[in-house]
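**Student:** Submitted below is the structure of interest, expressed as structure tokens.
Each value in this text was obtained by applying a stated rule to the coordinates, not by laboratory testing. Keep in mind that what you see is a predicted model, and the values were worked out from it rather than measured. Cβ sites come from the backbone with ideal geometry, for glycine too, and all protein chains shown count toward neighbours.
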Amino acid sequence: MRLALALISAAACLLGGVSLAEEPIVIKFSHVVAPDTPKGQAAERFKQLAEQYTGGKVKVEIYPNSQLYKDKEELESLQLGSVQMLAPSLAKFGPLGAKEFEAFDLPCLFPDRAGLHRVTDGKIGAELLKKLESRGIVGLDYWDNGFKIFSANSPIKTVADFKGLKMRVQSSKVLEAQMRALGAIPQSMPFSEVYQGLQTGVVDGTENPPSNMYTQKMFEVQKYANVSRHGYLGYAVIVNKKFWDGLPEGIRTQLSKAMTEATAYNNEIAQKDNDDALAAMKASGKTDFFTPTVEERKAMCVALEPVYEEMQGRIGKELIQAIRQEAGSIIEGKN
């Protein structure tokens, strides 16, 4: 009898241990682009590293291609806690009141990746991420996508060619001003709807890094492109502050390590992916790509210079000047 009672007690303890076993912490990581873009690949790398470094205590679920939320929905969903992690484009923070992030949308701001990273990896980048905390968001790091090119269904070699074109932009006052400076008509549209908008003629053209243009097959419905590299598209990887602060310190440390390594991976592959995407689109023969000379590119930047004066009151004159000084400027004399 005693043996039977002992066995029953041991079994009860064993079952209790199973039922009380800790469930993994789930991080839903939502984004709006394809899995094979730099952001999509970096999100998967973060998932692998996060689960590895935490020994399975964290499970990261990736939801690409706007499976959960579209552009305008995702930040609110993060603040409400419906999703824990996002990597939105930097322009998305303007509507939250963090208008300083719109500086990254300014045309011809960064002459190259080195100038860009002096800003994102330095004091200015850190101070900008800190501004998100009052909005219930913790900024973890910046991820590159790349420098943008213009595309349209008519030739766009000079500023005059943009006149009257309906050009899609993501929601951004700076990008709207940029298109108006070129004589185009800005049309705000969610990223997930751009291909159809181009295909049906709702918009005439758009701007994207080559990797986005290629993975979303926009080159199939755009006859012309200008390899202008006129602006930058990057992301901030962010997490719900209440969720992040509620994690055990050791878990946060391991996730931060995973994010640092995923960021290095993202920024390493971003340039190669964009170069490969541009080469693949050229090889397809579906889009005629024009590459401007240095002087032609400067002429476009001169035409876009009024955007800076227009946006000083919105973004902050001192911040714009600080970024230009740190990054260098495409236009001579604007350092």
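**Student:** Less than 27 Å apart at the alpha-carbon level, and either on another chain or at least 8 residues along: which lysines does that give for LYS257?
**Tutor:** LYS28, LYS39, LYS47, LYS57, LYS59, LYS92, LYS123, LYS130, LYS131, LYS241, LYS242, LYS272
**Student:** Under a 10 Å cutoff between Cα atoms, tell me which one of ASP245, ASP112, ASP71 has the largest fluctuation in the Gaussian network model of the chain.
**Tutor:** Residue with maximal mean-square fluctuation among ASP245, ASP112, ASP71: ASP245.
**Student:** Sticking with this one: How much space per residue, in cubic angstrom, does the convex hull of the C-alpha atoms of segment 184-335 take up?
**Tutor:** 174
**Student:** Through the Karplus equation 6.51 cos²θ - 1.76 cosθ + 1.60, θ set to phi - 60°, convert the phi angles of segment 93-109 into ³J(HN,Hα) values in whole Hz; use x for Gly and Pro.
**Tutor:** With coefficients 6.51, -1.76 and 1.60, one gets 7, x, x, 7, x, 8, 5, 4, 5, 5, 4, 5, 7, 4, x, 6, 7 Hz.
**Student:** For a bin width of 20 Å, list the pair-distance distribution of the chain built from all Cα-Cα distances, rounded to whole %.
**Tutor:** 30, 53, 12, 4, 1
**Student:** May I ask you to compute the full-extension gain from THR293 to SER134, defined as 0.36 nm times their residue separation minus their alpha-carbon distance, rounded to one decimal in nm?
**Tutor:** Stretched out fully, the THR293 to SER134 stretch lengthens by 52.8 nm.
**Student:** If R0 is 45 Å, what FRET efficiency do you get for LYS286 and LEU319 from their C-beta distance, rounded to 0.05? Please list the in-between numbers first.
**Tutor:** Numbers: r = 40 Å, r/R0 = 0.90.
It comes to 0.65.
**Student:** Taking every DSSP beta bridge that has both residues in the chain, what percent is antiparallel when rounded to the nearest 5? Write out the running numbers ahead of the final one.
**Tutor:** Values: 19 of 35 bridges.
Looking only at bridges with both residues in the chain, the antiparallel portion is about 55 percent.
**Student:** So, one more: Residues of segment 208-240 with the amide nitrogen closer than 17 Å to a label point 7 Å from the Cα of TYR63, along Cα-to-Cβ, please.
**Tutor:** 238-240
**Student:** Further, regarding this structure: Quickly work out the ASP275-to-GLU249 label distance, labels modelled 7 Å from Cα along the C-beta direction, and quote it in nm with one decimal.
**Tutor:** About 4.4 nm separates the two model spin labels.
**Student:** Would you compute, from DSSP H runs of 4+ residues alone, the mean residue ellipticity of the chain at 222 nm, taking -39500 (n - 2.57) per run and dividing by the full residue count, rounded to the nearest 500?
**Tutor:** Mean residue ellipticity, 222 nm, calculated: -14500 deg cm²/dmol.
**Student:** Hey, what do the phi angles of segment 286-291 turn into as Karplus ³J(HN,Hα) couplings, whole Hz, using 6.51/-1.76/1.60 and θ = phi - 60°, x for Gly and Pro?
**Tutor:** Values, residue by residue: 7, 10, 8, 9, 9, 10 Hz.
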